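Just so it is clear, none of the values below were taken in a lab; they were calculated from the coordinates. As the structure is a prediction and not an experimental result, all values here were calculated from the model. We place every Cβ from the backbone using ideal geometry, glycine too, and count neighbours over all the protein chains shown.
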Amino acid sequence: MSDITASTPTLHGGSPARSAPITAVGPIAWVRANLFSGWLSTAVTLVLGYLIVRAVMGFVDWAFVNAIWSVPVNGNGVAQTQACRELHGTGACWAVVTEKHRFMLFGTYPFEQHWRPALVCLLFVALYIVSSMRSFWNWRLIPIWAGTLTAIGILMWGGVLGLPYVPQERWGGLPITLILATFGLAFAFPLSILVALGRRSNLPAIKALCVLYVELIRGVPLISLLFMASVMFPLFLPEGMNIDKLLRAQIAIILFAGAYLAEVVRAGLQSLPKGQYEAADAMGLSYWQKTGLIILPQALRTVIPPLVNTFIGFFKDTSLVLIIGIFDLLTAGKTAIVEPSWQGFGVEVYVFVGLIYLVFCFAMSKYSQGLEAELNRHRRR
Amino acid sequence: MGRSSVKQPVRPTVLRSLAAALLAMAVSLPATAQQQPAAPASVTLDAIRARGTLICGVNTGLAGFAQPDSQGVWRGFDVDYCRAVAIALFNDPDKVRFVPTTAQNRFTALQSGEVDILSRNTTWTLSRDTSLGFDFAGITFYDGQGFMVKASLGVRSARELDGATICVQPGTTTEQNLTDWARAARIRFQPVVIERLEEVVNAYLSGRCDAFTTDVSGLAATRAVQPRPAEHVILPDVISKEPLGPLVRHGDQRFSDLVRWIHFGLLTAEEFGLTSQTIGQAAGDARPDVQRLIGRSGDLGRMLGVDNAFMVNVVTRLGNYGQIFERNLTPIGIQRGPNALWTTPGGLQYAPPFR
């Protein structure tokens, strides 16, 4: 009814169906009721409106109108950034992103092989999309994940199928962030379910072990775990034996995420009424049948929002690996502006890197909203 | 005496068997010794050779010293020292794997064997040399903490900074050096402590502090990228000694010898005027020192366990010390200063003779 636009009736002067006056329905009415209902509200609206318009115009001026998109590079590979510096902050120097985007995205990966990490990023995104489709939520997901992760490993390392070998310390940028986040959460989630179940177990040894694990890991910051993995752990190993730096960081992240997720899952387990457990027991289901068929589906459903919250948090926490010298997306961005000619253009780089993080986190958040609505449809009143 | 004479009969047999063993070794030794005059018994060198690449710990990003360029290729002064070692060993500057290390994990990386050599603007101090268990192979860069002020202030010496606000980064020794120096010089100052380099520089530029202090190399790099560098003055006072150089693990003298003499070789090449362009034609040079450096006389390379012409390979690909300095540090505004050769006044870079 109200989706006839306010101006339609005036255009068709004598049309048969007349809508309500524009002061009563439609956007104008909404504006009158919500923004200009009294002198105070009008004043606030005008002041805020002015500030918002100023800010937006300032941003547009900075980001687009006055921006410089590329600068010449001299023979020695040194960029001539005088043009950018003469802006004195009135315009963005996107030239730094134009010049350095491949380094920020792929780090020190051999330049002519950049198609490989690029393909890896696409594979990751495809993997996320496939995994998010409910029609794939069955055994087929296991070979899909195994196959994709193998392909990713082959692409990153190479050494087979005519791809030159690329050692791990040359990996960098977005693939590192995606690897740490994906493997971290993919391993931490099953671990967290086991720990959460273990913490509610009647077996005292298992329960004590799980409580100890969760409390120990939650009691220290992720940074100190990464330090342990990077600085202390190698000293405990026998001479000449080295576990890959990335793998050590990855394990630290898995253990850390596992402890936090376990508490989220435990919250879900505790939210179930006792009757569910008793009903399952009454039907003669074994422990694993009960857990797999009755308890977990309901428990996990209720904790989707905090789960996704933790996922998003960990996606961003992977950037902490910068303290142990792994070039993830953020570190690569920071390193890009070390070069003297590009020093001082941090804002542009951070906007670029922030946008990439935003895309992934926003997609996760949107998807979880949809998932939550769909799975909890039966509860809607 | 009497007791020892009782035991006497036992000794000769032990001695005899020992002598026999020594004789056997002496017979077998010359054969191997002729192939390698000073066969290096070095765990690190053997591991590097078996691996086929050198693993070098570098800074995660420091202008001029170590930083990946837009294509992800590592460049810089410290990086070139890694490449020099790789050239000496394999005659290939790309047989190096660079492991970025932070200020926190650099020493563990070397101790645990994750890297073979740490070439990462690390100051040579007594405790690092001894209790951390490292060998510093030499001083490739003499640095020190200094001050930068705006030229308009008219300050000529750091002693005139009494009552000034000084921008400094926390955590490193920089802050402590500043406090120590101020106490010794009886100067009161107001510190403005900011973590990130970019922000601390902005604070100085916007006038929040009168002076900015960090290592002179860092000051020069900051000054060089300002729109009008002449507006800033780096004061002549240097309040700390920061001798930087590559370091290796203790107890592997063969490897530290090699790294040390590559550095000396680069200095010697500059001293004799041999550049990447001219060292190829140095065979006709009559100076005996040059002949030894390029491996045409003497057996110096083999004493280090590498090819006799190792310095020719290094200098041809990377240039001598001066050329490495010019390529990496001159563009960011760092003067030779104390890093000039000893033959120039004020220069400290001095290499022992190649003989």
Which of rounded, prolate or oblate describes the range A:114-379 when judged by the alpha-carbon gyration tensor and an a/c cut-off of 1.5? prolate
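Could you tell me whether the range B:145-234 comes out rounded, prolate or oblate from its Cα gyration tensor? Rule is a ≥ b ≥ c as square roots of the eigenvalues, rounded for a/c under 1.5, then prolate if a/b exceeds b/c, otherwise oblate.
Oblate.
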Okay, helix-only estimate at 222 nm for chain B: each DSSP H run of n ≥ 4 adds -39500 (n - 2.57), divide by all residues, round to 500 deg cm²/dmol; what do you get? -11500 deg cm²/dmol
Peptide B:55-68, shielding by other chains (average Cβ, 10 Å cutoff): 4
Where does each of A:SER135, B:SER240 land when they are ranked from fewest to most other beta-carbon atoms within 10 angstrom? A:SER135, B:SER240
Mind sorting B:THR125, A:THR23, B:THR316 by how few other Cβ atoms lie within 10 Å of their own Cβ, fewest first? A:THR23, B:THR125, B:THR316
Cysteines without a disulfide-compatible neighbour (Cβ-Cβ under 4.7 Å), chain A: A:CYS121, A:CYS210, A:CYS361
Does the protein assembly as shown classify as rounded, prolate or oblate by the C-alpha gyration tensor (a ≥ b ≥ c root eigenvalues; a/c under 1.5 gives rounded; else a/b over b/c gives prolate, otherwise oblate)? oblate
Rounded to the nearest 0.05, what FRET efficiency do A:LEU209 and A:ALA126 have when you use their Cβ-Cβ distance and R0 = 35 Å? 0.40
Using the number of other C-beta atoms within 10 angstrom as an exposure proxy, rank A:CYS121, B:CYS56, A:CYS210 with the fewest first. A:CYS121, A:CYS210, B:CYS56
State which stretch of chain A is the longest one without any exposed chymotrypsin sites (Phe, Trp or Tyr not before Pro), exposure meaning a DSSP loop state and at most 11 other Cβ atoms within 10 Å. A:166-381
Taking chain B as a Gaussian network, Cα atoms linked when under 10 Å apart, which of B:THR122, B:THR44, B:THR173 shows the biggest mean-square fluctuation? B:THR173
Checked against the positive end of the charge dipole of the protein assembly as shown (+1 on Cβ of Lys and Arg, -1 on Cβ of Asp and Glu, about the Cα centre), the farthest of A:GLY268, A:ILE152, A:GLY89 is A:GLY268
Could you tell me which residue out of B:VAL99, B:ASN59, B:PHE77 lies farthest along the dipole of the range B:42-109 toward its positive end? Charges go on the beta carbon: Lys and Arg +1, Asp and Glu -1, centred on the Cα centre. B:VAL99
Relative contact order for the range A:114-379, counting Cα pairs under 8 Å that sit 6 or more residues apart, in percent: 20
Pull up the DSSP beta bridges for the protein assembly as shown and report the antiparallel fraction as a percent, rounded to 5. 55
With springs only between Cα atoms under 10 Å, which of B:ASP116, B:ASP299, B:ASP143 fluctuates most in a Gaussian network model of chain B? B:ASP299
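Find the relative contact order for chain B and round it to a whole percent, using C-alpha pairs within less than 8 Å whose residues are 6+ positions apart.
Numbers: 594 pairs, mean separation 72.3, N = 355.
Once normalised by length, the contact order is 20 percent.
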Give a residue-ordered list of calculated ³J(HN,Hα) values for the range A:20-36 (Karplus: 6.51 cos²θ - 1.76 cosθ + 1.60, θ = phi - 60°; whole Hz; x for Gly, Pro). 5, x, 5, 7, 9, 10, x, x, 4, 4, 4, 4, 4, 6, 9, 10, 10
What distance in nm separates the simple spin-label points at A:THR90 and A:VAL47, each placed 7 Å from Cα in the Cβ direction? 3.0
What is the distance in Å between the Cα centres of the range A:88-113 and the range A:207-235? 36
Amide H neighbours of B:ASN59 under 5 Å, counting only residues 5+ apart in sequence or on other chains, H built in-plane at 1.01 Å? B:THR101
With springs connecting C-alpha atoms under 10 Å apart, model chain A as a Gaussian network and identify which of A:VAL25, A:VAL120, A:VAL353 has the largest mean-square fluctuation. A:VAL25
Under a Cβ-only charge scheme (Lys and Arg +1, Asp and Glu -1), can you give me the dipole magnitude of the range B:145-234 about the Cα centre, in debye to the nearest 20? 280
Among A:SER286, A:ALA259, B:LEU45, pick out the residue whose Cα is farthest towards the positive end of the charge dipole of the protein assembly as shown, where Lys and Arg carry +1 and Asp and Glu carry -1 on C-beta, about the Cα centre. A:SER286
Dipole size in debye (nearest 20) for the range A:114-379 around its Cα centre, Lys and Arg Cβ +1, Asp and Glu Cβ -1? 680
So which chymotrypsin sites (Phe, Trp or Tyr not before Pro) in the range B:49-106 are both in a DSSP loop and have at most 10 other Cβ atoms within 10 Å of their Cβ? none
Once phi for every residue in the range A:140-149 is put through the Karplus expression 6.51 cos²θ - 1.76 cosθ + 1.60 (θ = phi - 60°), the whole-Hz ³J(HN,Hα) values, with Gly and Pro written as x, are 4, 4, 5, x, 4, 5, 4, x, 5, 5
Calculate, for A:TYR277 and A:LEU235, the FRET efficiency according to 1/(1 + (r/R0)^6) with r their C-beta to C-beta distance and R0 45 Å; round to the nearest 0.05. 0.45
Taking the Cα centre of chain B as origin, work out the dipole magnitude from +1 charges on Lys and Arg Cβ and -1 charges on Asp and Glu Cβ, in debye rounded to 20. 1080
